[in-house]
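*Asks:* I'd like to ask some things about the structure below.
The values are calculated or read from the model by the stated rules, or taken from the named source; none is laboratory data. Because the structure is a prediction, the values reported are computed rather than measured. Don't worry about glycine lacking a Cβ; one is built from the backbone with ideal geometry, like all the others, and counts go over all protein chains shown. Quick note on the areas: whole protein, heavy atoms, side chains included, nothing else; ligands and nucleic acids left out. Shrake-Rupley method; radii C 1.70, N 1.55, O 1.52, S 1.80 Å.
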Amino acid sequence: MKIVLQNVLWLLFFVAYQYFCLASESVTIGILFNEGSHQSEIALNSTLHKKNTFDQKAFFKSNVLQISNFDSFEASKTLCGMLEADYGIAAVIGLESPTRAILESICNHFEVPYIMTSWRPPTRKQTDTVFNFFPEAELFAQALAEIVKSLQWGSFVIIYETEEGLIRMQEILKLQDYKRNSKQNNILVKQLGPGNDHRSLLKEIKNATENNIILDCKTEHILPILQQAKDQNLLSLHNNYLLTSLTETVLFYDALLHLTDSINDLMYTEKSITPNPINCFEQTKSKNGYIFAAYMKERKPSLSLSGPLKFDDNGNRIHFNIHVVDILDNQVIADWYASNSSLVLRRSSNDTEFAAVANLQKILVNVSSRIGEPYLKYRESEEGKILYGNDRYEGYSMDLIQEVANIIGFRFEFHLAEDKEYGKWDEKKKKWTGLVGDLLERKAQLAVCDLTITHQRREVVDFSMPFMTLGISILYKKEEKKDINMFAFLDPFSVSVWIYTATLYLIISVVLYFISRMTPGDWENPHPCDENPEELENIWDIKNCLWLTLGSIMTQGCDILPKGISSRMAVSMWWFFSLIMTSSYTANLAAFLTKDRMEPTIDGAEALSKQTKIKYGVVDGGSTMAFFRDSNFSTYQRMWTNMLATRPSVFEKNNNDGVKRVQAPKGQYAFLMESTQIEYEIETKCDLKQVGSSLDTKSYGIAMPMNSPYRSAINKAILKLQESGKLNDLKNKWWKEKRKDPSCENFDVEEKSDSAELALANVGGVFFVLGVGIAIAVMLAIFEFLWNVRSVSVEEHLTYWEALKVELKFACNVWITKKRTKPVISESSSSSSHKSDKTDDKSMIHSFLQSAGSFMNLNN
Ligand code: GLU
């Protein structure tokens, strides 16, 4: 207790000594605050308190006044009132204010030191007692430009609040590399509107798909603006902000410290800086202000938060350091030194990547994708089970991102692009669609599917290194296996024509029979030597009529012909009919048998482009469409023109629809799609085939917003997967192993032969008719033979078997070319052979000749 009391007494003694013995002079500093300078007020109080407690010479007091931001006259009145005080004002510190210029000129006129802590436009005006702790305007603009350059942003937006802000940006604006025809100019400049709601401006920036923003506004406006940017999804991982506003409180602190230190220094040198009151109307000037200001300009600061301090003749600060801080990592990434106008980068590319990966690990990465087998499809759930999140999908893309995530160590969630598109520039809506649109609208950090790396997309988003290579090819239907019709020779005529012809054949034969009976010309003398025959004969019985009409229609003719006028007329009309019918049949038969061969065949894009029967198309809005649209090659240009002109449209929403259209039973449609997808489709859809080789070579990559800092980490992961064979395994898994449908590998398809000849199957029916006809003829012959054997056995009084034996033996002996009218029966042949010589031999040939003779009127 005693010790404590002793200490308190010592402390009181020390403070009293400071007040009464050492601090012989009190010095008042004038402070002109504006309406929002509360933080600086805290800095002021704490600094003065510290100074008064520990420094010996001067005791500092402050005269703090608020000045009007808008009324210069009011502000000058306030300043003059302050300077009039009896105790005098050693120096004035004026914070940021639009009335700054008038205050500056009053102080300069009365030679009162005036210290500023805010930006002022470049000035060449000689000022002896005015100086600014804020960096000189042109140097500052140069520093900002160097910093922006070092960030290597391809494009960015400058948001500024006041006209002065735009002057600060002048050097940055010179970085503009204006591309006249580009969809994006690399620098967009926007001014914050009045009021606190800047959402529409931020939305505009979002629609312009810009990630890099330079924000130049009052420090107190930064947080509300960033909050609104967050609402617009403009504060995600790939958005970069450069805040150019320096903290005025730091400069104020440095100014106050420098000022009080200088006063103390002067006190030690016994130079009196006792300020005198100044009357603005009497034009009295400060007695010591000039010396004091000169000392302050030359003095080296002992401790300055804002770095080295040096002023030029105009009171501009020409030495200062700027540190660029990455707020996410809380790390200084670069320093700019005004003394030698140089920028020193503190972070290597490795550090940047490391920081990017660390940031990625902190968030749930959104992956934009689309449904399209085998890249992504809905997972079948067990009955009654509802799936959420990533469990809803499966496929190559999901596995690929899972592998990449395992290597880098981030969590992710798949989302489907609302418009289900891959990504194309929509000229009407003036924005990108699909996955690319999702990246640009900051809805996702990654985008993956069968997304082709194209130069148009590469202008607005970044791609990882390729994970699959492919080319455009043609998907077409294999030739259908048609049922072979053996009776194709009947096809040239319809059934009704066949029936009418057959009926007509019978009718004409009967009509001819009656005509020839009626016409006298067909009644002939049976014995031409007898000039007055008693009887006339007509050969046109019904059998002969049938034979003549049949011979005519088969184009074989007949060896007996009618002689009567009317019968000849009837027959010639029948010949005319036969001529037309047989020629039509022959012509049609040829066309029918070669019909299949007339179907157009394609063996590549060139063949496809030269025909019009088979329509062809592509996925709408995909890279294949872009390939044909932008190609300079005449064949592809022609194909593109054809595609545009074809109705109904040949563009399909997705690959699946295209494949279905190719498979459609009657549709003659070829689909131009990517070879990897064709490979997938023809693996199980055995009716499809790839036609020709690839038209180009390209690849799929994982897309991400432009200048994504994690791009190189993703590239490394893909390289790793490729080297370890994992990418191959994944492809095998989704292209082969996971397929439920049977593979087409062993599928036997009869390819259409290109040769011109007809196969046996095509003319099989003709062989069949011949076979059946000959078989019937043979059976008839056997029947006739047996019938003749029966007659012989009866007439020759032989047993049937004896007669059969004799006739058979004769028939089989091919050396005998003549036959007796009666059969020769050997002695031994039969017990009843003696009867044979009594009987007229009616051999088979004889009987046949007889009947044929009667048929053709030869036996007369
Ligand atoms: N892979 C294509 C793309 O990224 C889509 C399919 C296609 O155009 O054939 O756009």
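*Asks:* For a Förster distance of 25 Å, can you work out the FRET efficiency between the beta-carbons of Glu479 and Gln556, rounded to the nearest 0.05? Walk me through the intermediate numbers first.
*Replies:* Details: r = 39 Å, r/R0 = 1.56.
Once rounded, the FRET efficiency stands at 0.05.
*Asks:* May I pose another question? By how many nm would the segment from Ser381 to Gln331 lengthen if fully extended, with 0.36 nm per residue of separation less the alpha-carbon distance?
*Replies:* Details: separation 50, 0.36 × 50 = 18.00 nm, distance 4.75 nm.
Length gained, Ser381 through Gln331: 13.3 nm.
*Asks:* List the aspartates and glutamates whose Cα lies under 18 Å from the Cα of Lys610, skipping any in the same chain that are fewer than 8 positions away.
*Replies:* Straight-line reach from Lys610, under 18 Å: Glu599.
*Asks:* Cα axis of helix 760-795 to longest principal axis of the chain: angle in degrees, 0 to 90, nearest 10?
*Replies:* Roughly 20 degrees between the two axes.
*Asks:* Just from its helices, what would the mean residue ellipticity at 222 nm be for the chain, if runs of 4 or more DSSP H residues each count -39500 (n - 2.57) and the sum is divided by every residue, rounded to the nearest 500 deg cm²/dmol?
*Replies:* Values: 29 runs with 367 residues, N = 860.
One gets -13500 deg cm²/dmol as the mean residue ellipticity at 222 nm.
*Asks:* Among the listed pairs Lys660/Lys733; Lys660/Lys726; Lys230/Lys377; Lys57/Lys300; Lys613/Lys689, which are separated by more than 27 Å between their Cα atoms?
*Replies:* Details: Lys660/Lys733 24 Å; Lys660/Lys726 32 Å; Lys230/Lys377 32 Å; Lys57/Lys300 19 Å; Lys613/Lys689 18 Å.
Correct reply: Lys660/Lys726; Lys230/Lys377.
*Asks:* Sticking with this structure for a sec: Compare Leu593, Leu83 by solvent-accessible area with a 1.4 Å probe and give them largest first, with all protein chains kept in place. Spell out each step's value before the answer.
*Replies:* Details: Leu593 30, Leu83 5 Å².
Ranking Leu593, Leu83 by accessible area, largest first, yields Leu593, Leu83.
*Asks:* Just tell me which lysines come within less than 30 Å, Cα to Cα, of Lys809; anything on the same chain fewer than 8 places away is out.
*Replies:* Lys818, Lys819, Lys822, Lys835, Lys838, Lys842
*Asks:* Follow-up question, since we're still on this one. Hey, what's the chain come to in accessible area per residue, 1.4 Å probe, Å²? Could the numbers behind the result be given before it?
*Replies:* Numbers: 46840 Å² over 860 residues.
Ligands and nucleic acids excluded, the figure is 54 Å² per residue.
*Asks:* Helix 38-54 versus the longest principal axis of the chain: what angle, 0 to 90°, nearest 10, using Cα atoms?
*Replies:* Once rounded, one gets 40 degrees.
*Asks:* Give the angle, between 0 and 90 degrees and rounded to the nearest 10, that separates the Cα long axis of helix 219-231 from the longest principal axis of the Cα atoms of the chain.
*Replies:* Tilt relative to the chain: about 20 degrees.
*Asks:* Take the Cα of Asn715, step 7 Å along the line toward its Cβ, and report every residue of region 459-476 whose backbone nitrogen sits under 17 Å from that point.
*Replies:* Residues 459-468 fall inside that zone.
*Asks:* Can I ask one more? With the crude spin-label approximation of a point 7 Å out along Cα→Cβ, what separation in nm comes out for Asn233 versus Gln126?
*Replies:* Using points 7 Å along Cα→Cβ, the separation is 6.1 nm.
*Asks:* At 7 Å along the Cα-to-beta-carbon direction for both Leu226 and Val794, put a label point, then send me their distance in nm to one decimal.
*Replies:* Computed distance between label sites Leu226 and Val794 equals 12.8 nm.
*Asks:* To make sure I understand the rule: partners must be lysines, Cα under 28 Å from the Cα of Lys77, and not fewer than 8 residues away in the same chain. Which ones qualify?
*Replies:* Within the straight-line limit of under 28 Å, Lys77 reaches these lysines: Lys61, Lys125, Lys218, Lys285, Lys287, Lys297.
*Asks:* Then there is this: Residues in region 231-263, backbone N under 16 Å from the label point at Tyr87 (7 Å along the Cα-to-beta-carbon vector): list them, ranges by number please.
*Replies:* Counting backbone N atoms under 16 Å from the label point, the list is 260.
*Asks:* If I model a spin label as a point 7 Å beyond the Cα along the Cα-Cβ vector, how far apart are those points for Gln402 and Glu531 in nm?
*Replies:* So the label points at Gln402 and Glu531 sit 11.8 nm apart.
*Asks:* Moving on. Compute the signed sum of charges (Lys and Arg +1, Asp and Glu -1) over the other residues within less than 12 Å, Cβ to Cβ, of Gln228. Don't jump to the answer; show the numbers that get you there.
*Replies:* Details: positive: Arg199, Lys203, Lys206, Lys230; negative: Asp197, Asp231.
Value of the local net charge: +2.
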